[in-house]
Amino acid sequence: MRSFLFVPADSDKKLAKGAGSGADALILDLEDSVALSNKPAARANAGAYLKSASPKGPKLCVRMNALDTPLWQDDLKSVIAAKPYAILVPKTITGGCIRTVSAYLDGLEEESGLTKGTTKLFCVATETAASMFNLGTYGGSSSRLFAMTWGAEDLAAALGARDNKDEDGNYTGPYQMARTLTLLGAIAAGVMPLDSIYKDFRDEAGLEREARAAARDGFTAKMAIHPAQIETINRVFTPSDHDLAHARMVIDAFDKAGDVGVVAMDGVMLDIPHLKQARALIARANQA
C-alpha cells in the first residue's frame with residue numbers, strides 16, 4: 001500500500017469520492033473530522049459502509065477516537081463486526097496503547113465470530129510531547145501492528161507552537177525529529193513507516209517534493225487528506241522502471257558472483273545492505 005486517504009465517516013459524499021480516488025486504503029475517520037454531536041451517526045455510517053463496500057475497492061480502515069476519551073470502545077463496538085482491514089489508533093503514547101486496543105479487539109472479535117487477529121492496527125505515534133520519548137517501545141506490542149505514522153498538527157497544538165513550519169515551508173526542529181523517530185521506530189518494530197499528511201492539498205509541487213523526500217528516506221507510503229493528492233502519492237511511492245532495472249542488476253550481480261559479501265558494478269562497490277535494498281524494492285513493486 002502506498003496511499004491512505006482520510007475520509008470523514010459521516011459524509012456519504014466524501015466516502016463515495018474517496019472510493020473512486022485510486023487510494024490503496026481509506027481511513028474512515030471517527031475522530032478529528034467528526035463533531036462530538038455527530039459521533040453516533042458517524043459510527044453507524046462507518047459500519048454500514050464497511051458492510052456494503054466492494055471487496056475490489058481500497059482497503060478500509062477506521063480511525064477511532066483516542067484512548068484518553070470515553071469514545072473509543074463504542075467506536076470499536078460499532079465497526080468490528082463489519083470487518084475493517086485495520087484500526088488507526090490516534091495519539092498513542094507507548095506500545096502499551098497498542099496492547100490495550102489489541103486486547104479489547106480480542107474480545108470483540110470473539111463476540112463477532114471472527115478469528116483472533118483479523119483486525120490489524122496502526123497508530124499515529126507523535127501527537128503528544130510524552131509520545132516522543134517512547135517511539136522505540138512498539139516492537140512486540142502486538143502481532144496486529146502493521147504500520148506507524150506521525151502527525152505534526154496535534155503535536156504543534158500540544159506544544160503550544162505558533163506554527164510547525166518555517167518561512168520556506170519546511171518543518172521546524174521538533175517536527176523533523178518526530179518524523180525521523182517515527183521512521184526509526186517503525187523499522188525497529190518491523191512495520192511499515194507511513195509519512196504524514198501534506199495539508200495544503202492545492203500545492204501539488206509541494207506534495208511531490210515532500211513525498212519524494214519521504215520515499216528517499218525510507219517511508220513506504222503517505223497519508224492524504226484529499227482525493228486530488230492520491231495520484232501524486234501513488235506515483236512517487238511506486239518504484240520507477242529505472243529503479244527496478246537497477247535493483248534487478250544488483251540482484252543479478254550478486255547471483256553471478258556466488259557466495260560473496262561484496263561485488264563491483266559500474267565502478268561502484270556494493271555490499272549486502274545494497275542487496276537487501278534491491279530485494280525490498282522488488283518486493284514492494286510486486287505488492288503495488
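The values are calculated or read from the model by the stated rules, or taken from the named source; none is laboratory data. The structure presented is a predicted model; accordingly, all values stated were derived computationally and were not measured. Positions of Cβ are generated from backbone atoms using ideal geometry, with glycine treated the same way; all protein chains shown enter the neighbour counts.
Details
- In this structure, Ser21 qualifies as surrounded by fewer than 23 Cβ atoms within 10 Å (Cβ to Cβ) and part of a loop (DSSP other than H, G, I, E, B).
- The condition (being under 25 Å from Gly96 (Cα atoms) and either surrounded by fewer than 20 Cβ atoms within 10 Å (Cβ to Cβ) or not assigned by TED's automatic domain parsing to the domain that holds Ile93 (or both)) is satisfied by just one residue among Leu36, Leu30, Leu67: Leu67.
- Residues of the stretch 201-229 that turn out to be farther than 21 Å from Leu183 by Cα, touching a helix residue (DSSP H, G or I) at 6+ places or on another chain (Cβ under 9 Å) and assigned to a helix (DSSP H, G or I), as a count: 4
- Taken over the stretch 254-285, the criterion of being under 18 Å from Ala221 (Cα atoms), touching a helix residue (DSSP H, G or I) at 6+ places or on another chain (Cβ under 7 Å) and surrounded by 15 or more Cβ atoms within 10 Å (Cβ to Cβ) is satisfied by Ala278, Leu281, Ile282, Ala285.
- Pairing residues of the stretch 92-106 that are in contact (Cβ under 8 Å) with a residue 40 or more places away in the chain with residues that are buried (at least 18 other Cβ atoms within 10 Å of the Cβ) and assigned to a helix (DSSP H, G or I), at Cβ distances under 6 Å and at least 6 apart in sequence or on separate chains, gives Ile93/Ser131.
- In the stretch 40-64, of all residues being surrounded by fewer than 18 Cβ atoms within 10 Å (Cβ to Cβ) and among the basic types (Lys, Arg), the one that is nearest to Ala23 (Cα to Cα) corresponds to Lys59.
- If you filter the stretch 212-225 down to residues that are surrounded by 13 or more Cβ atoms within 10 Å (Cβ to Cβ) and either without any contact (Cβ under 8 Å) to a residue 60 or more places away in the chain or outside the structural domain of Gly190 (by TED's automatic domain parsing) (or both), you find that the one that is nearest to Cys123 (Cα to Cα) is Phe219.
- Sole residue being at pLDDT below 95, small (Gly, Ala, Ser), surrounded by fewer than 15 Cβ atoms within 10 Å (Cβ to Cβ) and assigned by TED's automatic domain parsing to the domain that holds Ala25, chosen from Gly169, Gly160: Gly169
- Selection of first residues in the stretch 255-281 that are part of a loop (DSSP other than H, G, I, E, B) and of second residues that are aromatic (Phe, Trp, Tyr), restricted to Cβ pairs under 9 Å at least 6 apart or on distinct chains, gives the following pairs, ordered by first then second residue: Val260/Phe254.
- Summed over the stretch 104-119, the residues that are under 23 Å from Trp150 (Cα atoms) and surrounded by fewer than 20 Cβ atoms within 10 Å (Cβ to Cβ) give a count of 0.
- Arg248 modelled with pLDDT under 95, more than 19 Å from the chain's Cα centre (by Cα), in a loop (DSSP other than H, G, I, E, B) and surrounded by fewer than 22 Cβ atoms within 10 Å (Cβ to Cβ): no
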